[in-house]
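The values are calculated or read from the model by the stated rules, or taken from the named source; none is laboratory data. In this text, all values refer to a predicted model and were calculated from it rather than measured experimentally. Glycine also receives a Cβ, built like all others from the backbone with ideal geometry; neighbour counts cover every protein chain displayed.
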Amino acid sequence: MGPIALFDKSFLQSLGLDEAVWFDHFFIPNICPLFYVETLADLEKSVREGRTPEREVGIVAEKTPVMCGAPCANHVTMCISNLLGHPIPMTGQIPVAGGRLVKSDGKGGVVFDEPPEAQAFSRWQNGKFLEVERRFARVWREGLTTLDLEAIAEGCRALGIDGKSCKSLEEAKALAHALVSARDKPFDRMKLAITFLNAPREVHRPILERWSSAGYPPLTDYAPYAAHVLTVEVFFQIALAAHLISSERPSNRIDVAYLFYLPLCMVFISSDGLHQRCASLFLREDQDFVWGPALKSELRRLDRHFAALPEATKEKGIMAFAHYPPGEDTSLMVRLWDRHLPRWRDVLQKDDITESVKNEKLAAEIKKMTKGRPLTADQVDFDPHDTDSLVIQRLMGKRRGNWWQLPKDLEVKDDE
């Protein structure tokens, strides 16, 4: 529960395990693909003395959200889908891939099984890595760092953009937005988008045909999410050309790619200097950038507050007693909840902190829904966007760090 939060690896890596528990609990983390790629990349890096690369990755995996968040779909996949005419939410939701339509007791529902990413992090905590994961991360990382920069530069010049004369990051953003949103030379702009995305050749024609049938509108009108990603890319190239962002730090290419996912959150949390300088340029008025060290300090405060509760209370599991963030209205967490969940005091605050989280009837209904067979297209007789239930399956331990995530006395059968 909490605001939807995009975060980068630098922030999560800075947290202690107990602080990570409270981050997972008081936010809905958007786990973007870049986080997995960056984490796996540590397998190929030198590490501090006394640790193996596998152990370094395992430490990050232990802190990765498991309770409330969800892995986000890949930005390239979403951009291509957007260019083919499919809407991508731009108001803070997390687009999740997969999901199967099922029916149980006459009610329609969508079930999201445990995602492969979550299964992977569970293995990584124990130092188990599949070679295919190593190869995938390497290829994906190379895809971000091996763009045809000359083709990109030529495309920008064709559209009248000369980054060398740019004097500030704000000006670079304004130039990038102007390029992507303009109505002249529409084919040059679409070509630039397809080049940036490294879109497979087989989708070029369907994209152009769909765009043609819409009357060749500007990218910002036709495919807003793809336009956002292209704006970030053009901004980065302009900033590099103007030496506003260093080209000598290879990680900058990966770091700036986190900005692709900004429309898909309420807050963006990072401990990275590049993000601190650039993220606010791409945030909506209803979004916030949160500096990682500040939030780490706040999570430490919450940990100390709840640690003072009686052991009997803590053994009921944090979902039974930590319904809302404690503290004054001026505290960081309370301010974030007030801004992004303005009715939380009415909806979430409860007086009985010992309330049980067990509900056998609801558990039985959920179990029956998850075991339902996937429906074929001709069997679906309900609106997939307005179902009776939505079930997201998760793999999580009862205890994490010093905290019971689920009741200490909760008994779970092997098939549950």
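Observations, loosely collected:
- Gly2 vs. criteria surrounded by 23 or more Cβ atoms within 10 Å (Cβ to Cβ), in contact (Cβ under 8 Å) with a residue 60 or more places away in the chain and at positive phi: yes
- Elements of type helices (runs of 4 or more DSSP H) in segment 292-353, at least 3 residues being surrounded by 12 or more Cβ atoms within 10 Å (Cβ to Cβ), at pLDDT 95 or above and under 28 Å from the mean Cα position of the chain (by Cα): 292-307, 332-340
- Residue match in segment 245-259 (condition: of a type in the set (Ser, Thr, Tyr), outside the structural domain of Ser10 (by TED's automatic domain parsing), exposed (fewer than 15 other Cβ atoms within 10 Å of the Cβ) and over 20 Å from Phe35 (Cα atoms)): yes
- Among the numbered conditions (1) within 19 Å of Ile4 (Cα to Cα); (2) outside any strand (DSSP E or B); (3) within 22 Å of the chain's Cα centre (by Cα), the only one that Ile269 does not meet is (2).
- Out of Leu281, Leu264, sole residue that is in contact with a Cys (Cβ under 7 Å, 6 or more places away or on another chain), over 22 Å from Gly401 (Cβ atoms), touching a residue at least 60 places away in the same chain (Cβ under 8 Å) and not assigned by TED's automatic domain parsing to the domain that holds Val37: Leu264
- Filter result for Ile80 (over 14 Å from the mean Cα position of the chain (by Cα) and at pLDDT below 85): no
- Considering residues of segment 196-213 that are under 18 Å from Val180 (Cβ atoms) and at pLDDT below 90 only, the residue nearest to the chain's Cα centre (by Cα): Leu197
- Taken over segment 246-261, residues that are under 29 Å from Phe187 (Cβ atoms) and out of contact with any Phe, Trp or Tyr (no Cβ under 6 Å at 6 or more places or on another chain) amount to 4.
- Some residue of segment 114-126 being at pLDDT 75 or above, within 28 Å of Phe26 (Cβ to Cβ) and of a type outside the set (Lys, Arg): no
- Of note, Phe289 satisfies the criterion of being on the phi < 0 side of the Ramachandran plot and assigned to a strand (DSSP E or B).
- Of all the criteria given as (1) under 18 Å from Cys79 (Cβ atoms); (2) of a type in the set (A, V, I, L, M, F, W, C); (3) modelled with pLDDT under 85, the one not satisfied by Ala193 is (3).
- Cross-chain or 6+ apart pairs with Cβ under 9 Å, segment 16-40 first and free of Cβ contacts under 8 Å to residues at least 40 places away in the same chain and assigned by TED's automatic domain parsing to the domain that holds Cys72, then acidic (Asp, Glu) and surrounded by 22 or more Cβ atoms within 10 Å (Cβ to Cβ): Phe35/Asp8
Every residue, every condition in (1) over 26 Å from the mean Cα position of the chain (by Cα); (2) within 20 Å of Lys107 (Cα to Cα); (3) outside the structural domain of Pro310 (by TED's automatic domain parsing); (4) at pLDDT below 75, yes or no:
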{"residue": "Leu362", "(1), (2), (3), (4)": "yes, yes, no, yes"}
{"residue": "Glu365", "(1), (2), (3), (4)": "yes, yes, no, yes"}
{"residue": "Leu375", "(1), (2), (3), (4)": "yes, yes, no, no"}
{"residue": "Gln379", "(1), (2), (3), (4)": "yes, yes, no, yes"}
{"residue": "Pro384", "(1), (2), (3), (4)": "no, yes, no, yes"}
{"residue": "Ser389", "(1), (2), (3), (4)": "no, yes, no, yes"}
{"residue": "Arg394", "(1), (2), (3), (4)": "no, no, no, yes"}
{"residue": "Arg400", "(1), (2), (3), (4)": "no, no, no, no"}
{"residue": "Lys413", "(1), (2), (3), (4)": "yes, no, yes, yes"}
